[in-house]
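First comes the structure, then the notes that go with it.
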Amino acid sequence: METGMNPYRILNFVVFSILVLTLPVNAASLQKENIGTYGYIDWLNQTVYATGMGLAPKDKRNSDQAMALAERAAIIVAQRNLLEVIKGVHIDSRTVVEEKLVTDERIVSNIQGVIKFCRVEYSKQLSGDSVEVGVSMPLTGRLGGILFTLTERAGDQRKANGASDDLEGRLNRLERRIQMLEEEISGLKKTSLEKERLMILFQELVAAWQTYAVHKPFFINAGYASDTELSAIRNQMNDQEKRMAAFSVLLTDLSRRLDTLETGKEPEPEVRPDKQPHQAPPYTGLVIDARQIGFKPCLKPNIFSRGEQLYPGAYVDMAKALKSGYVRYFNNKVQAQQSQRVGSLPYVIFAEGTPEGDRSLALDPESYEILKAVIESPSNFLRECRVVIVF
């Protein structure tokens, strides 16, 4: 009979206790992004929170009136702190709200006007004559409408002030212009060559037809030819027919290519009965697992594959984005997959990296074709912002 505790059991108990105690803390720290001492951003609920304190005036004999004034003062301070929290919100990988508020006072006044409608989460009296108030504001809706426009203005400003007008940008534009001219010249040369090939092909085709028309009936009907010679002649003529058939196919292809070069328009693809057009995959949403790459949330994360930004795009329904956000965040993958936002058949994928800083995502190259097909389909779930990120 054992009289003491097994040291291995003690070690296992300690390790288990550490895991149990630290996991909720880590999840909470990921969910909430603290902004100084003013408050925090709750990315799972896409809401900003702040607190404020107010003191009751000393000259008020009525305690109820004094505490009401203290609460009002606390709300004003909390709203001011809420503005500071909003300044720390990352809209995308490039844009932080504070950077734009410095250059545009109108945006500050617009946000201040919206903050007046913030929600009072709690109000409690502290020791003495002070009151603490907590307030919150969703990052969607009216506030989201203001914040989302900051990225559009940022893009317009980059174009207006010539952010790409440095030496590298000018060289890139010059290179594109030269490439366009080279393609035009190459197209003209190619057109001339195709016309020459067509003339030669017509001559060969006419000669082949003449040979076939003149000799085949004569040899086949000639009575003096032996069976062996007649069989050889038939084989030769059959080969000639195959050559002419190949000429005909090549002639059709060259004619099509020549029409394309001269008109600049691609012919409509032929749809065969046995080959239906490509159908978009029947997915209802997108779930991205970004837990292993150091990703941090933002309102409008740019999602790339093969170096191309696939989401968000110009196809996004802004009404949907304002109402429910461009994305929704989870720290539980099972809950993310079962979310109503992504429907019954979500496309689940792991993120591979953060190409534009830790608030952007890169997907594997295989997802490119799938998401491009989704974007081009009438049932584009990305248009309705059916995107969930696990972090």
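Some points to look at:
- For segment 28-160: relative contact order, % (alpha-carbon pairs under 8 angstrom, 6 or more apart): 27 percent
- Linear extension gain, ILE375 paired with ILE76, 0.36 nm per residue minus alpha-carbon span: 103.1 nm
- Efficiency of FRET between GLN65 and TYR315 - r from beta-carbon atoms, R0 51 angstrom, step 0.05: 0.35
- Summing Cβ point charges (Lys, Arg +1; Asp, Glu -1) relative to the Cα centre of segment 319-380 gives a dipole of roughly 500 debye.
- q = 0.13, 0.17, 0.18 Å⁻¹: log10 I(q)/I(0) that the Debye formula gives for segment 28-160, counting C-alpha atoms only: -0.59, -0.88, -0.95
- Modelled FRET efficiency - R0 35 Å, THR149 with LYS58, Cβ distances, 0.05 increments: 0.20
- Cβ-based exposure ranking for LEU126, LEU363, in which fewest neighbours within 10 Å come first: LEU126, LEU363
- Using the Karplus relation 6.51 cos²θ - 1.76 cosθ + 1.60 with θ = phi - 60°, the per-residue 3J(HN,Hα) values for segment 128-144 come to x, 10, 10, 10, 10, 10, x, 10, 9, 8, x, 7, 9, x, 5, 5, x Hz, with x marking Gly and Pro.
- Residues of segment 322-342 with amide N under 14 Å of a point placed 7 Å along Cα→Cβ from GLU121: none
- Calculated from backbone phi, Karplus (6.51, -1.76, 1.60) coupling profile of segment 81-96 in Hz, x at Gly/Pro: 5, 5, 4, 5, 5, 4, 4, x, 6, 8, 6, 9, 5, 10, 10, 10
- Net charge contributed by nearby residues that have their C-beta within less than 14 Å of PHE330 (K/R +1, D/E -1): +3
- Amide proton proximity set for TYR311, modelled H, under 5 Å, gap of 5+: ILE303
- Structural descriptor for segment 285-390: relative contact order 48 percent, calculated from alpha carbon pairs under 8 angstrom and at least 6 residues apart.
- Within the shell of other residues whose beta carbon sits under 9 angstrom from the beta carbon of GLU33, the net charge comes to +1, with Lys and Arg scored +1 and Asp and Glu -1.
- A crude spin-label estimate for the pair THR103 and SER344, with each label 7 Å from Cα along the Cβ direction, gives 4.8 nm.
Coordinate-derived values only; no laboratory data. These numbers were taken from a predicted model, which means no experiment stands behind them. As a convention, Cβ positions derive from the backbone with ideal geometry for all residues, glycine included, and neighbour counts pool all protein chains shown.
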